[in-house]
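Comments concern the structure below.
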Amino acid sequence: KRENYKKPTTTETKGLITSRVGQGWYRREILNKWDHQCSVTNCKITQILISSHIVPWRDSNDDERLDKDNGLLLSPDLDGLFDRNLISFNDDGSIIISDTIPDSEIDSLGISKKMRLRFVDEGMKKYLKRHRNKLI
């Protein structure tokens, strides 16, 4: 409830931080793997492209976290949908759109049932399968 919200007295705090070691290296690997283009749309604006884990960092072991087969390079809109398990991809690269997204919203989200990954490596398939199992 809004009336129970108290404005914070400070906007910064110091604390113990857990850093994701290897993130910079991983991003370079994903950029190279996908030729500095979105895995789906071919967008080449690398400043906005997100090196997204297929199986999230929190659900991966140390090897999986830095495995380039566990990565896609996605535009922010696709990454948001992928990260929230609202889209996924089949082993042939074709997109799967969650049934929770009404057909009337598909166009407004800028996605299409014809979208697909440019390629799927053999090593990506195990990660895509795990991601598909979490599709909402």
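The values are calculated or read from the model by the stated rules, or taken from the named source; none is laboratory data. No experiment lies behind these values; they were computed from the predicted model shown. For neighbour counting, all protein chains shown are included, and Cβ atoms are generated from backbone atoms with ideal geometry for every residue, glycine included. The protein model used for the area step is the full one, side chains on, heavy atoms only, and it has no ligands, DNA or RNA in it. Shrake-Rupley method; radii C 1.70, N 1.55, O 1.52, S 1.80 Å.
What the table shows:
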| item | result |
| --- | --- |
| Of residues in segment 90-122 being part of a loop (DSSP other than H, G, I, E, B) and among the small types (G, A, S), the one surrounded by the fewest Cβ atoms within 10 Å (Cβ to Cβ) | S108 |
| Pair list, Cβ under 6 Å, 6 or more apart: segment 48-65 residue closer than 14 Å to L128 by Cα and without any contact (Cβ under 8 Å) to a residue 60 or more places away in the chain, other residue among the charged types (D, E, K, R) and open to solvent by less than 30 Å² (accessible area, probe 1.4 Å) | S52/D79 |
| One residue from I45, I87 being surrounded by 13 or more Cβ atoms within 10 Å (Cβ to Cβ) and β-branched (V, I, T) | I87 |
| Residue check for L72: surrounded by 19 or more Cβ atoms within 10 Å (Cβ to Cβ) and assigned to a helix (DSSP H, G or I) | no |
| Any chance K125 is among the charged types (D, E, K, R), open to solvent by 40 Å² or more (accessible area, probe 1.4 Å) and not in a loop (DSSP other than H, G, I, E, B) | yes |
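Per-residue answers, yes or no, for (1) in contact (Cβ under 8 Å) with a residue 60 or more places away in the chain; (2) out of contact with any Cys (no Cβ under 8 Å at 6 or more places or on another chain); (3) closer than 23 Å to Y26 by Cα:
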{"site": "D69", "(1), (2), (3)": "no, yes, yes"}
{"site": "S88", "(1), (2), (3)": "no, yes, yes"}
{"site": "M115", "(1), (2), (3)": "yes, yes, no"}
{"site": "L128", "(1), (2), (3)": "yes, yes, yes"}
